[in-house]
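Some notes on the structure that comes next.
The values are calculated or read from the model by the stated rules, or taken from the named source; none is laboratory data. Owing to the predicted nature of the structure, the values given are computational and were not obtained by experimental measurement. With ideal geometry, Cβ positions are generated from the backbone for all residues, glycine too; neighbour counts draw on all protein chains shown. We work out accessible area using only protein heavy atoms, side chains counted, and drop any ligands, DNA or RNA first. Shrake-Rupley method; radii C 1.70, N 1.55, O 1.52, S 1.80 Å.
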Amino acid sequence: MTGNTDNTATSWEAPPLTESADAQDKAPSGPERRGSRGQETSREPTMKTAELERRLHDHFIRPEDRDAPNGAGAIYLTEVVDPEGRGRRADAVHIGLWQSRGGGRIDVCELKTSRPDFRRELAQPAKAEAWWASSTAFWIVSPGIHITPPADLPQGWGLMVPKAGSRRFRVVVKPEEREPEITVGLLLTLLKNANSRHAKALRDQAMRLGTEHHRHVQEVRATLASASDPQAARRLKLFDELEAALKAEVGEYSWGDVLDPRQTAAGLAEFMQGHRARLRSKQARIDEARMLDEVVKTLQGAARTLRAAPDLPATDSAEEEA
């Protein structure tokens with residue numbers, strides 16, 4: 001398969017389907033197949049779109065080659081608008097840059113992780129039509145042929161599925177190949193997408209570097225403080241415990257998982273005000289309960305005194321009435 005990043009270029013020759021693959025194509029399309037006695041024998045591979053896309057990226061360009069000083073020999077783009085700008089987005093586009101690795105080749109890939117999604121693609125071929133003339137090959141990529149049966153593929157479409165234990169995908173159906181038409185619209189959409197991808201990569205890298213820098217500064221501060229001022233070291237330790245409890249870092253500016261110190265202080269102050277109010281209310285209830293307890297004890301003491309008092313003698317008026 002051309003367009004790979006191996007040291008030697010290979011052809012797009014599709015390997016013959018094995019008996020197991022033919023049997024799999026004829027097997028039920030449910031999540032699992034059962035043996036003659038009904039026991040489970042194997043489970044069809046399932047995969048989310050993000051995982052399938054990541055593996056396809058690895059298929060075209062090895063991760064260790066992506067930051068190579070002399071380039072990866074290819075470009076891999078995602079969510080690329082069609083050359084005519086009609087909103088028909090290709091899930092992935094691979095462009096070979098080196099002659100030894102499929103230079104000039106453009107592979108347009110549609111990722112399908114469910115049978116309904118595959119049927120929708122077949123029912124609405126506008127996306128394939130929008131990219132057909134601008135591509136060397138049009139591919140369907142899925143976790144397995146139980147989702148995208150080869151017999152259902154339109155004429156000229158290719159089919160790739162992941163290969164167990166390998167970075168490379170298996171070519172199930174070889175696509176029709178042609179010389180792509182290089183138009184201004186194609187160049188513009190590829191350049192726009194490449195620029196957006198590059199800008200996003202730079203933003204992600206800047207955020208990673210900013211987080212690492214903040215962590216490094218905190219470590220240096222903690223080291224210097226512990227060496228010169230035990231009190232400062234203790235306060236920094238308490239600050240680290242606060243960040244751990246908040247599950248976030250406190251920095252000069254609020255971005256990502258970093259909290260602005262003023263916003264953090266305002267939030268904590270509001271929380272503590274409510275917390276103190278709850279504590280005061282709780283203490284008032286405790287004091288009231290203690291007072292009632294004292295009253296009860298006093299009344300109980302008075303009752304015991306009355307019960308222990310001797311009977312009083314009868315008065316003169318009482319004798320006269322008798």
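For this structure, a couple of remarks:
- Calculated FRET efficiency, ARG62 to ARG208, Cβ-Cβ distance, R0 = 25 Å: about 0.75 to the nearest 0.05.
- Sequence of LEU306, LEU97 from largest to smallest accessible area, 1.4 Å probe: LEU306, LEU97
- Other-chain or far-sequence residues with amide H under 5 Å of GLY102's (modelled H): GLY3
- If you plug the beta carbon distance of THR305 and ARG285 into 1/(1 + (r/R0)^6) with R0 = 41 Å, you get a FRET efficiency near 0.85.
- Under the simplified labelling scheme, the THR183-PHE239 pair shows an inter-label distance of 5.9 nm, with each label point 7 Å from Cα along Cα→Cβ.
- Pairs with C-alpha atoms separated by more than 19 Å, drawn from the list LYS48/LYS112; LYS48/LYS192; LYS127/LYS163; LYS48/LYS174, are LYS48/LYS192; LYS127/LYS163; LYS48/LYS174.
- Label sites at ALA151 and SER100, each approximated as a point 7 angstrom past Cα along Cα to Cβ, lie 4.4 nm apart.
- For region 286-301, 3J(HN,Hα) per residue [Karplus equation, 6.51 cos²θ - 1.76 cosθ + 1.60, θ = phi - 60°, Hz, x = Gly/Pro]: 5, 5, 4, 5, 5, 5, 4, 4, 5, 4, 4, 4, 4, 5, 5, x
- Amide hydrogen neighbours beyond the local backbone of TRP139, cut-off 5 Å, H modeled: VAL108, CYS109, GLU110, GLY158
- Residues whose placed amide H lies under 5 Å from that of VAL172, excluding near-sequence neighbours: LEU159, MET160, VAL161
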